[in-house]
Amino acid sequence: MHADWLTEALLAEHCRGAQALAHALRRWIAAGRLPHGARLPSSRALAGELGVARGSVSAAYEQLVAEGYLAARHGSGTYVSAPTLISTATEAPTANPRGLSARGHALVAASRLPNGLTGAFAPGVPEIARFPHATWQRLVGQAQRKAGLELFAYRQDGGHPLLREALADYLTLSRGVRCDAAQILIVPGAQAALELTARLLAEPGDTVWVEEPGYGGAHAAFDAAALSMQPKPVDEHGLSPDAAPDLPSPRLIYLTPSHQYPGGVVMPVTRRLELLETAARHDAWLIEDDYDSEFRYSSAPIPALQGLDKQGRVIYVGTFSKVLYPALRLGYLVLPDALVDPFRRAAARLYREGHYPEQAALARFIGDGHFARHIRAMRELYRQRQALLRAVLARELGDALPLSAGEAGLHLIARLPDNFDEDALERSAASEGLWLRTWQRHCLTPTGTRALVLGYAGVEDRALAHAATRLARLLQASDGFAVRR
């Protein structure tokens, strides 16, 4: 190799330190300017030409030998390495790698909130502006200052003991859950709780009963576990346990009995007992997702199905995302005694454990009464926002858009006329930057029901009223929709 060319090029780029020298040589080898087999100047000679310490050149050479760009031959010198060592690291691929799996495509397709569209009607989204941020930051700061180093390391405790104790007390008193702190497992959100349950309690191909319509997050978790979902119709009492004799027995039964999502049905005790009997008959596990039971507006929250379980078949799932704020990413499982240890070990293996200072702060948040006060404040706020949404739609549309009773939860169901083109309405709304969620989007099979699932909790009053007015204008312009006053 011609030493003058290399020296001039390195001087032109002001390469003097070892890192700069290595970077330039690496780039030129990758580009082919330093071809395979080319002999580089000795470290002493190149250092003299550049006016740098010999150690800088030696360090650059050694780094590139370690990376495979150069090869040092004892007694001969330093050479550009074999082309096979270079091409695999530097050449751009000639074709795209294999694409997403079928499950990957399904997961991406299910993520339907496009960028730039307003989430005024996004169901299940809480108001975060009214969260007591100052109080929370104070408690987190105190927990971090008092925390020992062990709270910042990997742990396999199943969650901070203080949080599990606070949760056990809260769930026993407010939800009628029968548990102690040892049965509670803290996980990074309810989604992780569902995924963990599906992985540990069912084999790929096993059947899971799901509500129809139902919660898309549960569908995603069961899809990821390669389970066979059997949609079960929801009647006026919730999930119907009737099963055709030729269908496979379920391994899991997933349900939202305290406030069915998205229909809003509250499951009476007779149906709950019937489902417990059904689970025993099929030797199945019941997954009770109690995602927003705190927000009832006309009566006290309904006690959990888990409290009726005498055989240890119910896995109770809860989350703080709807009550506090979604980014907290803390959910929990209440497990039968036999499942506590395997679930704790598997959760530590799959997700690791973390956010222990935040967990300690949350325990204080609950124990000091902030949690209960925040729920009461949000319950009243959401009651008012629901009333606002009803008032705006009634003003604009009269009684042409029947709304559900809205006794609980963070959304209303708006019934559309039979044979109404929901897809066209979705497209029209999206073109104006408004995101809508239809009833069919919560179903696994085609349905004749035409309806919208309208969240109302996550935006301030003016934005909600503006979005409701825009929705009314779109409906008024739609074929098959007649305003009645």
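No lab work stands behind these numbers, since they all come straight from the coordinates. Just so we're clear, the structure is a prediction, and the values are computed from it rather than from any experiment. Virtual Cβ from ideal backbone geometry, glycine too; neighbours counted across all protein chains shown.
Before moving on, here are some points about what is shown:
- For region 370-415, the set of GluC sites (Glu not before Pro) satisfying both a DSSP loop assignment and a count of at most 16 other C-beta atoms within 10 Å is given as E407.
- Using the average count of surrounding beta-carbon atoms within 10 Å as a protection proxy, the listed peptides 69-76, 133-140 rank, highest first, as 133-140, 69-76.
- Tail beyond 40 Å, pair distance distribution of the chain (Cα, percent): 41
- Each of A429, M267, A45 was placed along the dipole of the chain (beta-carbon charges, centred on the mean Cα), and the one lying farthest toward the positive end is A45.
- Cut-off 10 Å between beta-carbons: net charge of the residues surrounding A472, Lys and Arg +1, Asp and Glu -1: +2
- For R450, net neighbour charge (Lys/Arg +1, Asp/Glu -1) across residues whose Cβ lies under 15 Å away: -3
- Relative to the 2.2 N^0.38 Å rule of thumb, region 373-477 has a C-alpha radius of gyration ratio of 1.08.
- Cα gyration tensor shape for region 220-279, rounded if a/c is under 1.5, else prolate or oblate: oblate
- Using the Stokes-Einstein relation with a Kirkwood hydrodynamic radius computed over Cα pairs, the translational diffusion coefficient of region 307-411 at 20 °C and a viscosity of 1.002 mPa s comes to 123 µm²/s.
- Ranking H370, A147, S293 by Cα position along the charge dipole of the chain, where only Lys, Arg, Asp and Glu carry charges on their C-beta atoms, puts A147 farthest toward the positive end.
- Mean shadow area of region 3-80 over all directions, Cα convex hull, nm²: 4.4
- For region 147-209, applying the loop criterion from DSSP together with a ceiling of 13 other beta carbons within 10 Å to the chymotrypsin sites (Phe, Trp or Tyr not before Pro) yields Y154.
- Annotation: lysines with alpha-carbon distance below 19 angstrom to K322 (same-chain offsets under eight excluded): none found.
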